[in-house]
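Have a look at the structure below before the remarks.
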Amino acid sequence: MNLFNVYPLIPVTIAKGEGCKLWDEQGTEYLDLYGGHAVISIGHTHPHYVKQLKEQLDQIAFYSNSIQIPIQKDFATKLGELSGLPDYSLFLVNSGAEANENAIKVASFATGKSGFIAFSGGFHGRTSGSVALTDNPKIVAPCNAREDFHILPFGDLDAVEEVMKTNSIAGIIVEGIQGVGGIQVPSAAFLQGLSSLSKKYEAKLILDEVQSGYGRTGKFFAFQWAGIQPDLISMAKGMGNGFPIGGLLISPEFKASYGLLGTTFGGNHLACAAGLAVLEVLETEKLQANALELGEKLKAELAQISGIIDVRGKGLMIGFDLDRDAAPVRSELVNKYHMFCGSAGKKETIRLLPPLSVEWNQLNSFLVALKEILSSN
Ligand SMILES: Cc1ncc(COP(=O)(O)O)c(C=O)c1O
């Protein structure tokens, strides 16, 4: 049987990982500055994470959400503590799209309305509601297209208010920092404006922190830089350091009732063990502070390099544009310098999402490689 061929692949087979390092089948070492799309938060095969998962696997890996699962509560308590949002409730799922799908549902149930607003450059996943709110017509199938889902210009509060006046909007969804769209940081004023408009027109504000959350920007969630309190917050990627887990944080204004939401796999024992281990490492190794310190230092250095024209982002969620097509530069980084980074938005953009445990000497080796490539082409 063949695999359904939907992914253009880099011709490298990774056999082992540790921290920010990867090794291919021949034993060649690579530097991981992309974390498999921001998933590797605490570093590959972190010893505490591996130990906790193995111990959980020896006990029980899964049982459905029809029994008591105390590790879910331990996980929620730790998450409340580290995120600074102990009053929110947690609904556990398996992916970012699923977290957003449930956010949309909760907002619609609560308001009795069906319309949603999202923004140009946004990406929220590939399931029906999430993809209909994603600004990429190529991945929206005819059955997903929704007339009452509006994609408005990113940053344009007037356009938002114009649509909200129709009183048909259940919610607004926005990324803490746009990832796939090329690392576009919303201004604090824009997020604050969305927060007031959603209150004014009785809609719910959903912050998609699937990529920007979990300490990556130096705060637990990127929106916390703007000092707002969203109604719903979706998370995934860095939550499990590679184990599939997603979650939705639900503010105290919402009432739960049996059967309102549900999932078979979400919140299973093994996923919670992974999630809890990630939080413990984030806290003990102070990775959020590391992300802020090294990320800001890296951005300052990148801005000095000739051939780089725009550096964006916060902490270790960084995007920058080159004065040329980035694809050959990324290929050279992988093939010659053995460094992984990502693409996003425009063809000139390079996206960096390294594990939050990355060290300065590793980031510096990337700067050296990049300078060499940009000055020799
Ligand atoms: C901001 C954002 N939301 C949602 C998703 C979808 O997450 P998943 O691929 O886990 O469904 C992604 C994935 O890249 C994302 O970047």
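Rounded to the nearest 0.05, what FRET efficiency do Ala300 and Ile67 give with R0 = 51 Å and r taken as the Cβ-Cβ distance? Could you check?
Efficiency computed from Cβ-Cβ geometry: 0.50.
With the other protein chains left in place, how much accessible area per residue, in square angstrom, belongs to the stretch 47-284 at a 1.4 angstrom probe?
43 Å²
Is the shape of the chain best called rounded, prolate or oblate, per the rule: a/c under 1.5 gives rounded, else a/b larger than b/c gives prolate, else oblate, with a ≥ b ≥ c the square roots of the Cα gyration tensor eigenvalues?
Cα axes put the chain in the oblate bin.
Give the relative contact order (percent, whole number) for the chain; include only Cα pairs under 8 Å separated by 6+ residues.
23 percent
Provide the FRET efficiency to the nearest 0.05 for the Gln229-Thr77 pair, computing r from the beta carbons and using R0 = 22 Å.
0.65
Quick check: at a probe of 1.4 Å, how many percent of the accessible area of the chain sits on carbon and sulfur atoms?
Ligands and nucleic acids excluded, carbon and sulfur reach 54 percent.
Could I have the simple spin-label model distance between Arg146 and Thr263, label points 7 Å from Cα toward Cβ, reported in nm to one decimal?
1.8 nm
Quick one: of the DSSP bridges fully inside the chain, what percent are antiparallel, nearest 5?
Taking every DSSP beta bridge with both residues in the chain, the antiparallel ones total about 65 percent.
Please work out the FRET efficiency for the pair Ser196 and Val6, using the Cβ-Cβ distance as r and a Förster radius of 30 Å; give the result to the nearest 0.05.
Result of the calculation: an efficiency of 0.15.
The values are calculated or read from the model by the stated rules, or taken from the named source; none is laboratory data. For clarity, every value in this text was computed on a predicted model and none was experimentally measured. Cβ coordinates were reconstructed from backbone atoms using ideal geometry, including for glycine residues, and neighbour counts include every protein chain displayed. Surface areas here come from the heavy atoms of the whole protein model, side chains and all, with no ligands, DNA or RNA. Shrake-Rupley method; radii C 1.70, N 1.55, O 1.52, S 1.80 Å.
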